[in-house]
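> Take this structure first; my questions come after.
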Amino acid sequence: MAARRISDEAGLAAVRAWEADPDGAGRSTVATAVRYALEELAHRAPGNSVEVRVPPFGVTQAIEGPRHTRGTPPNVVEMPAPVWLGLATGSLTWGQARAEHAVDASGNRSDLSALLPLFATRTAARRARKGTLE
């Protein structure tokens, strides 16, 4: 398992700042939040069978299974930063993101629904009760 590069304190602060104001969060805050969430995914589901890409901020490999060594991996998930952070915080579900074509996922191991959200927050719980994606 790779060592974390972002401290829990800094990572969670960035996630909370993005969640409080998704449109107003600065690029460095978004970058930190995305990278921290990717690190958290790799920590919770170590492995190399799925590559999760959030351009231009980061990429990680996660989930046990067959390892690839060259070229494009057989299981790839790619999405923009706001979608990844919405999934990570629970303000967006995997099903919603897929239905809205906000996530490009290929391969038989690319379903991340069992691993998300990564961060349960009061805001996400409130949004889920209201049934909103905001």
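The values are calculated or read from the model by the stated rules, or taken from the named source; none is laboratory data. Given the structure is predicted, the values throughout are model-derived calculations rather than measurements. In this analysis, Cβ positions are derived from the backbone assuming ideal geometry, glycine residues included, and neighbour counts consider all displayed protein chains.
> Which is touching a strand residue (DSSP E or B) at 6+ places or on another chain (Cβ under 9 Å), in contact (Cβ under 8 Å) with a residue 12 or more places away in the chain and part of a loop (DSSP other than H, G, I, E, B), of ASN108, ASN48?
ASN48
> Out of everything in the range 85-122 that is at pLDDT below 95 and surrounded by fewer than 15 Cβ atoms within 10 Å (Cβ to Cβ), what residue ends up being farthest from HIS43 (Cα to Cα)?
Here the answer is ARG122.
> Looking at the range 14-36 only, could you name the residues that are small (Gly, Ala, Ser) and more than 16 Å from the chain's Cα centre (by Cα)?
ALA20, GLY24, ALA25, GLY26, SER28 - these are the residues of the range 14-36 that are small (Gly, Ala, Ser) and more than 16 Å from the chain's Cα centre (by Cα).
> How many residues are exposed (fewer than 14 other Cβ atoms within 10 Å of the Cβ) and without any contact (Cβ under 8 Å) to a residue 60 or more places away in the chain if we restrict to the range 11-29? Talk me through it step by step, then tell me what you get.
Going through the range 11-29, the residues exposed (fewer than 14 other Cβ atoms within 10 Å of the Cβ) turn out to be 20-21, 23-24, 26-28.
Okay, now just the ones that are also without any contact (Cβ under 8 Å) to a residue 60 or more places away in the chain, so 21, 23-24, 26-28.
The number of residues fulfilling the criteria is 6.
Listed here are the residues, each with its yes/no results for (1) of a type in the set (D, E, K, R); (2) surrounded by fewer than 17 Cβ atoms within 10 Å (Cβ to Cβ); (3) touching a residue at least 24 places away in the same chain (Cβ under 8 Å); (4) not in a loop (DSSP other than H, G, I, E, B).
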residue	(1), (2), (3), (4)
ALA31	no, no, yes, yes
ALA37	no, no, yes, yes
VAL59	no, yes, no, yes
VAL83	no, no, no, yes
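> Could you list, in sequence order, all residues of the range 85-104 that are part of a loop (DSSP other than H, G, I, E, B), of a type outside the set (Asp, Glu) and without any contact (Cβ under 8 Å) to a residue 40 or more places away in the chain?
Within the range 85-104, GLY90, THR93, HIS101, ALA102, VAL103 meet the criteria.
> How many residues does the range 72-104 hold that are within 13 Å of SER49 (Cα to Cα) and out of contact with any Leu (no Cβ under 7 Å at 6 or more places or on another chain)?
5
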